[in-house]
1. Work out how much length Ser207 to Asp221 would gain on full extension: take 0.36 nm times their residue separation and subtract the Cα-Cα distance, in nm to one decimal.
2. May I ask you to order 71-77, 169-175 by the average number of other C-beta atoms within 10 Å around their residues, highest value first?
3. Within a 10 angstrom radius of the beta carbon, how do Leu88, Leu35, Leu40 rank from fewest other beta carbons to most?
4. What order do you get for Tyr14, Tyr283, Tyr243 when you list them from fewest to most C-beta neighbours inside 10 Å?
5. By average Cβ neighbour count within 10 Å, what is the ranking of 52-61, 18-27 from highest down?
6. Extension gain Trp325-Ile36, at 0.36 nm per residue separation less the Cα-Cα distance, in nm?
7. Quick one: order Ile306, Ile32 by neighbouring beta-carbon count within 10 Å, fewest to most.
8. With respect to the cross-link table entries Lys75/Lys229; Lys47/Lys106; Lys202/Lys324; Lys47/Lys146, which display a Cα-Cα separation exceeding 20 Å?
Amino acid sequence: MDIPEHCNERPFQYTVFVPSRESQLTPWPIGIPVLILNTLILYPTYKWNRFSIISGLWSLISAVISSIRIFSAKKNQMVIAHSMPFSLPLSIGGSIIRLTLEDGGKNFKRRWQELFSVLNPNYIPLNTQRTLTRSDYVEELTGGSKTYYRIEENLRLISLIIDLIAMTVGVARVWEWWNLFDLPDAPYDSTLDTICRVEVPKHVPISYESICAFTISDWSDIPEGDNCKAFEPSVTSVLIILYTCIYAGVLLGVVVMRGYFIWGLGFAGSAIMIVFAGLQAGYSTDRRSVLFVQELFFEIVSYDQIISHQSLIYLWWHRNGIAKWLIQLFTSHG
């Protein structure tokens with residue numbers, strides 16, 4: 001294994017610091033493409049096309065998975081980041097835009113009328129084009145397209161209801177877990193992070209990246225390790241406050257029926273979670289953060305060895321596999 005001279009790195013010490021299995025967030029190199037994919041699929045537009053039914057189905061799947069994760073979640077380390085649906089406003093905003101045909105030309109009352117009309121297919125509201133009614137617009141579609149149009153509306157409506165229930169239950173659980181007045185338990189238990197010191201067997205292949213970091217691609221022979229330290233990150237309460245603010249913004253957006261505003265909240269929430277994942281990765285990939293972790297373990301700081309982000313991706317995949325990846329794909333959860 002050749003180490004570039006400009007890196008000034010010592011040989012691999014076969015000891016690394018990594019997040020515990022319970023607290024590891026989805027690495028940001030995975031989170032960014034997933035967010036982009038969900039942004040494109042759930043892109044808010046009032047215009048209908050055949051792709052809209054795929055977007056509606058995607059929205060429903062996301063709502064169901066998020067609801068299951070929220071209702072089944074138990075107070076544990078980083079559970080708010082793992083199970084709270086920071087990205088659900090993407091789906092809520094897109095659904096409201098489609099169901100209200102929000103094109104910027106409708107007032108508050110008209111947007112609510114459009115939404116209620118979806119419940120009654122016999123009543124067809126005006127289309128966004130003022131020279132055409134929605135009935136004229138639908139009649140121009142073929143028989144199959146008319147059916148798809150109505151199916152997509154139903155998918156959007158069902159997912160909207162599930163999304164709102166999920167976010168409401170989520171905010172209740174967030175404040176339930178933040179038990180500031182329950183002294184026997186750690187008040188920030190649901191946002192605690194845990195870093196483990198892991199011994200790497202010498203037979204495990206190690207490569208060195210040009211970014212001056214070691215890469216471990218195979219974690220199957222590396223034990224999880226029980227030498228772990230839990231601590232409260234500096235952003236520990238931000239997760240709770242952030243989710244509460246997003247929920248409050250979603251409620252405001254629903255009252256005034258502003259889908260684009262809600263959709264923007266979902267994008268911002270998902271992006272912030274990716275930033276949090278990057279901060280957590282720093283305890284393994286950033287030299288100054290690694291020094292902090294070494295002091296946390298009461299070790300004499302004799303080296304500042306770091307691993308690459310690719311190593312954390314391999315570790316995340318080893319721990320979670322395809323099931324967690326599919327959940328991440330549809331929900332952009334932490």
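Bear in mind these aren't lab numbers, they're just calculated from the coordinates by the rules spelled out. Everything quoted here is computed from the prediction, not taken from an experiment. Note that each Cβ is placed from the backbone with ideal geometry, even for glycine, and that neighbours are counted across all protein chains shown.
1. Values: separation 14, 0.36 × 14 = 5.04 nm, distance 1.60 nm.
Taking Ser207 through Asp221 to full extension adds about 3.4 nm, to one decimal.
2. Working: 71-77: 14.1, 169-175: 18.3.
Answer by packing, highest mean first, reads 169-175, 71-77.
3. Details: Leu88 33, Leu35 20, Leu40 9.
In increasing order of surrounding Cβ atoms, one gets Leu40, Leu35, Leu88.
4. Numbers: Tyr14 15, Tyr283 20, Tyr243 23.
Listing Tyr14, Tyr283, Tyr243 from fewest to most nearby Cβ atoms yields Tyr14, Tyr283, Tyr243.
5. Values: 52-61: 20.5, 18-27: 22.4.
For the peptides 52-61, 18-27, the packing ranking is 18-27, 52-61.
6. Values: separation 289, 0.36 × 289 = 104.04 nm, distance 1.51 nm.
The span from Trp325 to Ile36 would gain 102.5 nm if fully extended.
7. Least crowded to most crowded, the residues run Ile32, Ile306.
8. Values: Lys75/Lys229 18 Å; Lys47/Lys106 15 Å; Lys202/Lys324 29 Å; Lys47/Lys146 14 Å.
Violating the 20 Å limit, Cα to Cα: Lys202/Lys324.
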